[in-house]
Amino acid sequence: MAELIDGKLISSIIKDECKARIEKLKSEGKEVALAVIQVGDDPASSVYVGNKKKACEYIGAVSLSYHLEESATQEELLELIDKLNLDDKVNGILVQLPLPKSFDEDEVIRRIDPDKDVDGFHPINVGRLSIGEKGFVSCTPAGIIELLKRSNVSIEGKECVVIGRSNIVGKPMAMLMLRENATVTVCHSRTKDLREVTKRADILIVAIGKPKMIDASYVKEGAVVIDVGIHRPDPDSKKLCGDVDFESVEKIASKITPVPGGVGPMTIAMLMNNLVNSAE
C-alpha cells in the first residue's frame, strides 16, 4: 500500500515558515499586504477569497479586499489594478478567476505588475520560468514540487509524466520538473497509447479534469502519483474524488496524494510563500 503524501501537514508547515518570515519583516518595520479583487458574487470564488483572507490572517499579512459588482466595466477593474500597482504598501495583487464573461481575463492578468503577480500567471513570469530566471511560479505546480521534496522524493534523473497541458498546471509543472533535472513527458487528449507512456513514469502528475480516469493500469509499480483533480462525482454526495482512481492506484504506487488533503491545501500555502517572497 502506498504511503500518503499529507498536503494538509506540509501546507501548515509552509504557512508557519511564512509566519516566522513575516515576524522578521515586522521587526524591521515592514508590513506585508495582499490585495484580492473579486468581480461579481460567484459562490465558489467567494469561498476561495475567504480562504485566502484566513491564510493572510494566520501568517500575519494584511488582506485588502476589493469587491466590484458584476455590472462593473473592464475599465474600472483596470483602473483599480493600476492604483494597486503604484501602491508601495501592496506586495501582491490577485484577481479572483473566473471573471464574468464580459471581461477579458488575458488583458486583466497582463495589467498586474509582474513583480506583484503572486498567482504567477503574467506572461513575463511564465517567460522567466521557461528560461530559468527568478519570478513568481503558478501556485499549484510550485506546491507539487514542495510536496515531492518534503516527502523525500528524489526528482533528479527520474522519468516524470505530466498528464494535462493547461497554462495553470500542466505547462509550468513540466518546466519546474525540468528545472529539478527530471526527464519530462507531457501527455494530453491527443496522446496516442497513453497507458504505454504513463507506465514509464517514476513520478506521475495527473491534471486532466476527469474523475477517476487514471486507474492502476496506467501506473508503474512503485511510482509516486500526484493527483491534481478535484471533483464531486455525485451532486448529492459530500465525497470528493480526484483524476486518479485512488482505491486501485494506492495498491501499486509507492506514494500518493489523497483527494481532498493532498495538492489542494498547497495552492494557498504557496500563494502565501509568493507573497512573502514579494515583500522580502
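The values are calculated or read from the model by the stated rules, or taken from the named source; none is laboratory data. The structure displayed is predicted, hence computed values, not measured ones. When we count neighbours, we look across all protein chains shown, and the Cβ atoms used for this are built from the backbone with ideal geometry, even at glycine.
Out of all the residues in the range 269-280, which are surrounded by 21 or more Cβ atoms within 10 Å (Cβ to Cβ) and out of contact with any Phe, Trp or Tyr (no Cβ under 6 Å at 6 or more places or on another chain)? Residues satisfying the conditions are ALA269, MET270, LEU271, MET272, ASN273, LEU275, VAL276.
When you scan the range 138-153, do you find a residue that is in contact with a helix residue (DSSP H, G or I) (Cβ under 6 Å, 6 or more places away or on another chain) and on the phi > 0 side of the Ramachandran plot, even just one? There is no residue in the range 138-153 that is in contact with a helix residue (DSSP H, G or I) (Cβ under 6 Å, 6 or more places away or on another chain) and on the phi > 0 side of the Ramachandran plot. Just one of the listed residues (GLU133, GLU57) is among the acidic types (Asp, Glu) and assigned to a helix (DSSP H, G or I), and it is GLU57.
Criterion applied to VAL244, VAL228, VAL219, VAL206 was being within 17 Å of ALA142 (Cβ to Cβ), crowded, with 24+ Cβ neighbours inside 10 Å and assigned by TED's automatic domain parsing to the domain that holds ILE155, and the one residue passing it is VAL228.
Please specify each residue of the range 144-179 satisfying the condition of being free of Cβ contacts under 8 Å to residues at least 60 places away in the same chain, of a type in the set (A, V, I, L, M, F, W, C) and in a loop (DSSP other than H, G, I, E, B). ILE155, ILE168, VAL169, listed by residue number. Of all residues in the range 180-204, exactly one satisfies the criterion of being without any contact (Cβ under 8 Å) to a residue 24 or more places away in the chain and in contact with a Lys or Arg (Cβ under 7 Å, 6 or more places away or on another chain), namely LYS199.
Checked against (1) crowded, with 16+ Cβ neighbours inside 10 Å; (2) in a loop (DSSP other than H, G, I, E, B), SER189 passes all but a single condition, namely (1).
The rows are residues; the columns are (1) under 27 Å from MET177 (Cα atoms); (2) assigned to a strand (DSSP E or B); (3) touching an Asp or Glu at 6+ places or on another chain (Cβ under 9 Å); (4) at pLDDT below 95.
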residue: HIS67; (1), (2), (3), (4): no, yes, yes, no
residue: GLU75; (1), (2), (3), (4): no, no, no, no
residue: LEU84; (1), (2), (3), (4): no, no, yes, no
residue: ASP88; (1), (2), (3), (4): no, no, no, no
residue: ILE93; (1), (2), (3), (4): yes, yes, yes, no
residue: PHE103; (1), (2), (3), (4): no, no, no, no
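Scan the range 113-129 for residues that are of a type outside the set (Val, Ile, Thr) and part of a helix (DSSP H, G or I) and the total you get is 8. In the range 1-57, what residues are assigned by TED's automatic domain parsing to the domain that holds ASN85, touching a residue at least 24 places away in the same chain (Cβ under 8 Å) and under 21 Å from ILE230 (Cα atoms)? ASP42, SER45, TYR48, VAL49, ASN51, LYS52, ALA55 - these are the residues of the range 1-57 that are assigned by TED's automatic domain parsing to the domain that holds ASN85, touching a residue at least 24 places away in the same chain (Cβ under 8 Å) and under 21 Å from ILE230 (Cα atoms). Across the range 206-229, the number of residues qualifying as within 20 Å of LEU147 (Cα to Cα) and in contact with a helix residue (DSSP H, G or I) (Cβ under 6 Å, 6 or more places away or on another chain) comes to 4.
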